[in-house]
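The values are calculated or read from the model by the stated rules, or taken from the named source; none is laboratory data. Nothing here was measured: the structure is a model prediction, and the numbers come from that model. Counting neighbours? That spans all protein chains shown, and the Cβs are built from the backbone with ideal geometry, glycine included. The accessibility values were calculated without ligands, DNA or RNA, using every heavy atom of the protein model including side chains. Shrake-Rupley method; radii C 1.70, N 1.55, O 1.52, S 1.80 Å.
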Amino acid sequence: MRHQNDHDLKLWLREAKILQKASQSSSLSDSLPVLRRLINTNVLRGLSLPELTKKRDIIQRKHLLNMLAVENGSSCWAEFKQKVEGSTNGELLPYSVELRNAGYPVLWFSTESEATVYANENGGKVVKVEGQAAVVPEFTN
């Protein structure tokens, strides 16, 4: 497989695997956020949240990969995969990885535009998190 040497792509595939496990969880606190994201990105159409909760066994990895692609501005996983493969190492990472590596402080904003304004004035990197955004410190080596 081509992605064996692409570390960033492996991170996205791992993210989808983690999300799939969460979506299948019997714990609603684990599954509902993922199910809401699937509905909000229109990856699964025609299902309400209660219906999807009952039928969550229909969720496949491809649905979660498409959800991640849509959340990151692409129309489908194939398009987003090309972006990831064409980007420099570490440029396009899942937000869970970026936030885990961010350190302190992480400043949260209700919109990406608010976070961008703050980052332009004060420095930092904007990380989109669903409908919100965070500004994390940028470290130079």
- Query: Just how large is the dipole of the range 29-84 about the Cα centre, in debye to the nearest 20, putting +1 at every Lys and Arg Cβ and -1 at every Asp and Glu Cβ?
  - Reply: 80
- Query: Relative contact order of the chain: what whole-number percent is it, with Cα pairs under 8 angstrom and at least 6 residues apart?
  - Reply: 19
- Task: Pop a pseudo-label 7 angstrom from the Cα along the beta-carbon direction at both Gln132 and Lys10 and give the gap in nm to one decimal.
- Result: 3.1
- Message: With +1 assigned to the C-beta of every Lys and Arg and -1 to the C-beta of every Asp and Glu, and no other charges, what is the dipole magnitude of the range 1-51 about the Cα centre in debye, to the nearest 20?
- Response: 80
- Task: Would you tell me the accessible area of Asp30, worked out with a 1.4 angstrom probe on the heavy atoms of the protein chains, in Å² to the nearest 10?
- Result: 80
- Query: Do any of Lys83/Lys125; Lys21/Lys81; Lys10/Lys128; Lys17/Lys81; Lys54/Lys81 go past 23 Å between their Cα atoms, and which?
  - Reply: Lys54/Lys81
- Surface accessible to a 1.4 Å probe, per residue, for the residues of the chain, Å²: 61
- Which label marks the calculated value of mean projected area of the Cα convex hull in nm², given the options (i) 14.3; (ii) 9.7; (iii) 7.9? (ii)
- Item | Net charge dipole size for the chain [Lys, Arg +1 and Asp, Glu -1 on Cβ; Debye, nearest 20] | 760
- Message: Under the rule a/c < 1.5 gives rounded, and otherwise a/b versus b/c splits prolate from oblate, where does the range 1-67 land using the Cα gyration tensor?
- Response: prolate
- Accessible area of Val126 in the full protein assembly, 1.4 Å probe (Å², nearest 10): 40
- Message: Order 31-38, 63-70 from most to least packed using the mean count of other Cβ atoms within 10 Å.
- Response: 63-70, 31-38
- Item | Of all accessible heavy-atom area on the chain, the percent that carbon and sulfur account for (1.4 Å) | 50
- Message: Which one, Gly86, Ala119, Leu13, is farthest towards the positive end of the dipole of the chain when Lys and Arg carry +1 and Asp and Glu -1 on their Cβ?
- Response: Leu13
- Note on the structure: In the chain, helical segments from DSSP H whose Cα atoms cover 18 Å or more along their own axis and that average at least -0.5 on the Kyte-Doolittle scale are none
